[in-house]
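K.L.:
Quick one: the structure is below, questions incoming.
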Amino acid sequence: MVVRGIGKIPATRTIVGITAAMERKNHAHYNHNDSCRLSRWTARESFQYMYARPWHKVSDFYLDLVCGGGYSSLCSLFNPEKNKSKVALEYCHGDEESNLVDVPSEKRKGRLERITFKIVLSYHGTSFDGWQKQPGLNTVQGLVEKSLGMFVDEKKFQQLKERSLPVEGCTVVAGRTDKGVTALQQVCSFYTWRKDVKSSDLKDAINAAAPGKLRVLFISEVSRVFHPNFSAKWRRYFYIFPLADSLQIQVNVNPMDNSSSKDEDDGLLQQQAEHIEDRDGSTFNKGDNCIDNVDMRMKPSRFSVDKVNQLLCQLEGRSLSYRIFARDTKTSRSSGPPTECFMFHARAAEAKLPCISKDSTEEVKVMCVELVANRFLRKMVRVLVATAIREAAAGADADALLNLMNATCRRATAPPAPPDGLCLVDVGYGDFNCQNSLIL
């Protein structure tokens with residue numbers, strides 16, 4: 001496959017390394033049987049189309065949100081004259097703990113004497129290796145828990161010392177984010193039995209861990225029964241996809257030609273060329289001359305944002321199994337109720353990112369996707385966005401995403417979109433109100 005009009009692929013997402021890993025496996029292209037099967041991108045083509053974008057501009061925009069205050073800037077992308085940030089913040093993180101049963105502080109004894117803090121964080125995804133703490137990696141959880149080590153109680157301090165473990169706090173998070181994913185209002189909790197700990201002390205300690213990349217929005221003392229994950233009723237994700245009209249994608253004139261480097265071939269085009277059916281049901285073999293003409297004529301290079309919005313709107317108000325859009329899930333969570341999600345809001349719209357860099361004054365045209373659901377599976381948002389773009393480019397029907405949920409193999413969906421465009425906007429603990437949506 002040849003990609004024209006594309007500059008150097010960002011080094012942070014090296015395609016050659018991923019391709020090398022793909023070559024060690026035998027890949028089988030999913031056999032779609034709808035009328036758009038000839039114009040639908042393969043996994044390799046979709047991967048190239050997604051990653052050949054100016055993702056550094058999206059990363060710079062998210063960094064500015066983290067440093068500046070965030071939510072109001074997202075609102076201004078669609079309605080500059082109306083700032084909903086204050087209303088939204090109060091709506092998402094107001095008095096949700098008032099609905100939780102708790103014991104009055106003067107009657108607390110034993111384990112009930114501990115104090116639980118709710119911490120709302122904002123961090124830049126590209127600057128960290130994800131949320132979950134991992135040895136030798138710069139993770140958000142690792143920095144936060146290390147900063148909270150000075151606030152653990154004496155009993156836990158002695159237990160950690162006896163086990164020769166670092167003195168760190170323990171946090172519970174509303175949802176783990178992958179490497180490269182930004183969060184504007186991530187929610188986590190921390191508890192301690194020390195009565196002298198103040199919210200301002202926790203805030204100062206965390207803010208000093210990674211200035212300009214990790215910031216505490218606010219901290220409050222909540223009920224002991226509050227759980228950032230289990231108490232949450234919905235989560236809101238936002239995806240920004242740069243629209244570059246100059247980028248073109250084209251299939252190799254001869255898929256069996258070895259003139260391109262071996263590192264650029266993952267075998268998917270060969271699989272497709274060996275067995276392509278026309279719209280009447282007849283089969284073309286790899287020796288037929290008309291294969292190349294069909295691929296060259298049918299493969300699209302652009303998509304409609306309105307079409308993506310139309311595809312996503314079909315998911316609203318439904319409780320569906322999104323297992324086909326998940327990746328890297330455990331076997332026990334690959335079927336049944338653990339894969340079902342209720343989508344409150346799913347929309348896409350075109351916008352322009354404001355100029356962040358001093359070296360450039362040009363705004364960046366982007367597609368923004370807003371998804372709100374009671375829960376999300378691993379990599380579900382990124383796969384859903386990539387698949388919606390692929391289906392929109394192929395000209396699929398409005399119910400294409402719904403039909404894919406009946407597929408028997410995850411190869412029916414596109415590879416995950418780059419994590420650089422994904423952002424966890426907020427987590428809600430009250431009923432979701434569609435009027436507070438960013439894209440109406």
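K.L.:
So, in the stretch 343-394, how many residues would count as being out of contact with any helix residue (DSSP H, G or I) (no Cβ under 8 Å at 6 or more places or on another chain) and of a type in the set (Asp, Glu)?
P.N.:
Count: 4.
K.L.:
So in the stretch 212-229, with the set limited to residues that are in a loop (DSSP other than H, G, I, E, B) and under 20 Å from the mean Cα position of the chain (by Cα), which one is nearest to TYR191 (Cα to Cα)? Before you say what the answer is, go through the steps one by one.
P.N.:
Start the filter on the stretch 212-229 by keeping residues that are in a loop (DSSP other than H, G, I, E, B), which leaves 212-213, 223-229.
Now restrict to residues that are under 20 Å from the mean Cα position of the chain (by Cα): 213, 228-229.
Details: LYS213: 24, PRO228: 12, ASN229: 15 Å.
The qualifying residue nearest to TYR191 (Cα to Cα) is PRO228.
K.L.:
Here's another thing I want to ask about it. Between CYS423, CYS434, which is open to solvent by 10 Å² or more (accessible area, probe 1.4 Å), in contact with a strand residue (DSSP E or B) (Cβ under 7 Å, 6 or more places away or on another chain) and in contact (Cβ under 8 Å) with a residue 60 or more places away in the chain?
P.N.:
Working: CYS423 fails: open to solvent by 10 Å² or more (accessible area, probe 1.4 Å).
After applying the criteria, what remains is CYS434.
K.L.:
If you scan the stretch 199-211, which residues turn out to be within 27 Å of the chain's Cα centre (by Cα) and over 18 Å from TRP131 (Cβ atoms)? Steps first, please.
P.N.:
Applying the first criterion (within 27 Å of the chain's Cα centre (by Cα)) to the stretch 199-211 yields 203, 206-211.
LYS203, ALA208, PRO211, listed by residue number.
Per-residue answers, yes or no, for (1) at pLDDT below 85; (2) not in a loop (DSSP other than H, G, I, E, B):
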{"position": "GLY287", "(1), (2)": "yes, no"}
{"position": "ASP295", "(1), (2)": "yes, yes"}
{"position": "LEU312", "(1), (2)": "no, yes"}
{"position": "SER319", "(1), (2)": "no, yes"}
{"position": "ASP328", "(1), (2)": "yes, no"}
{"position": "SER335", "(1), (2)": "yes, no"}
{"position": "ARG347", "(1), (2)": "no, yes"}
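K.L.:
So which of ASP196, ASP204 ends up being exposed (fewer than 15 other Cβ atoms within 10 Å of the Cβ), free of Cβ contacts under 8 Å to residues at least 12 places away in the same chain and part of a loop (DSSP other than H, G, I, E, B)?
P.N.:
Details: ASP204 fails: part of a loop (DSSP other than H, G, I, E, B).
Every option except ASP196 fails the conditions.
K.L.:
Here's something else I'd like to know. With the structure loaded, tell me whether ALA388 is in contact (Cβ under 8 Å) with a residue 40 or more places away in the chain and small (Gly, Ala, Ser) or whether it fails that test. Break it down stepwise before answering.
P.N.:
Details: in contact (Cβ under 8 Å) with a residue 40 or more places away in the chain: yes; small (Gly, Ala, Ser): yes.
Here the answer is yes, as ALA388 does meet what is asked.
Table: residues versus (1) modelled with pLDDT under 90; (2) small (Gly, Ala, Ser); (3) surrounded by 15 or more Cβ atoms within 10 Å (Cβ to Cβ).
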site: GLY17; (1), (2), (3): yes, yes, no
site: GLU23; (1), (2), (3): yes, no, no
site: TYR30; (1), (2), (3): yes, no, yes
site: SER35; (1), (2), (3): yes, yes, no
site: PRO54; (1), (2), (3): no, no, yes
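K.L.:
Out of all the residues in the stretch 142-168, which are open to solvent by less than 30 Å² (accessible area, probe 1.4 Å) and either of a type outside the set (Val, Ile, Thr) or not in a helix (DSSP H, G or I) (or both)? Show your work before the answer.
P.N.:
To start, the set of residues in the stretch 142-168 that are open to solvent by less than 30 Å² (accessible area, probe 1.4 Å) comprises 142, 144-145, 147-149, 151-153, 160.
Correct list: GLY142, GLU145, SER147, LEU148, GLY149, PHE151, VAL152, ASP153, LEU160.
K.L.:
Identify the residue in the stretch 298-315 that is among the basic types (Lys, Arg) and over 18 Å from ARG44 (Cβ atoms) and, among all such residues, is least open to solvent (accessible area, probe 1.4 Å). So that I can check it myself, show each step before the final result.
P.N.:
So in the stretch 298-315, the residues among the basic types (Lys, Arg) come out as 299, 302, 307.
In the following step, the residues that additionally are over 18 Å from ARG44 (Cβ atoms) were identified as 302, 307.
Details: ARG302: 141, LYS307: 42 Å².
Within the stretch 298-315, the match that is least open to solvent (accessible area, probe 1.4 Å) is LYS307.
K.L.:
For residues that are within 22 Å of LEU63 (Cα to Cα) and open to solvent by 20 Å² or more (accessible area, probe 1.4 Å), tally how many sit in the stretch 116-141.
P.N.:
From the stretch 116-141, those within 22 Å of LEU63 (Cα to Cα) are 119-133, 137-141; that's our starting set.
Filter again for open to solvent by 20 Å² or more (accessible area, probe 1.4 Å), leaving 126-127, 129, 132-133, 137-138, 141.
Residues that pass the stated criteria total 8.
K.L.:
Ok, one more. Please work out if ARG40 is at pLDDT 90 or above and assigned to a loop (DSSP other than H, G, I, E, B).
P.N.:
Details: at pLDDT 90 or above: no; assigned to a loop (DSSP other than H, G, I, E, B): yes.
Taking the combined requirement at face value, the residue does not satisfy it.
K.L.:
Take the residues of the stretch 169-193 that are in a loop (DSSP other than H, G, I, E, B) and either without any contact (Cβ under 8 Å) to a residue 24 or more places away in the chain or in contact with a Pro (Cβ under 7 Å, 6 or more places away or on another chain) (or both): which is nearest to ALA373 (Cα to Cα)? I'd like the intermediate steps shown before the answer.
P.N.:
Initially, the stretch 169-193 is screened for residues in a loop (DSSP other than H, G, I, E, B), giving 169-170, 174-181, 193.
Filter once more, so that each one left must be either without any contact (Cβ under 8 Å) to a residue 24 or more places away in the chain or in contact with a Pro (Cβ under 7 Å, 6 or more places away or on another chain) (or both): 174, 178-181.
On the way: ALA174: 13, ASP178: 18, LYS179: 21, GLY180: 21, VAL181: 18 Å.
Here the answer is ALA174.
K.L.:
In this structure, is PHE376 over 21 Å from LEU121 (Cα atoms) and either assigned to a loop (DSSP other than H, G, I, E, B) or open to solvent by 40 Å² or more (accessible area, probe 1.4 Å) (or both)?
P.N.:
So PHE376 fails the test.
K.L.:
Right, here's the next one. Closer than 30 Å to VAL385 by Cβ and either acidic (Asp, Glu) or assigned to a strand (DSSP E or B) (or both): does that describe ILE240? Lay out the reasoning, then the answer.
P.N.:
Numbers: closer than 30 Å to VAL385 by Cβ: yes; either acidic (Asp, Glu) or assigned to a strand (DSSP E or B) (or both): yes.
Taking the combined requirement at face value, the residue satisfies it.
The values are calculated or read from the model by the stated rules, or taken from the named source; none is laboratory data. The structure displayed is predicted, hence computed values, not measured ones. So basically every Cβ, Gly included, is an ideal-geometry build from the backbone, and we count neighbours across all protein chains shown. In case anyone asks, the SASA skips ligands and DNA or RNA and just uses the protein heavy atoms, side chains included. Shrake-Rupley method; radii C 1.70, N 1.55, O 1.52, S 1.80 Å.
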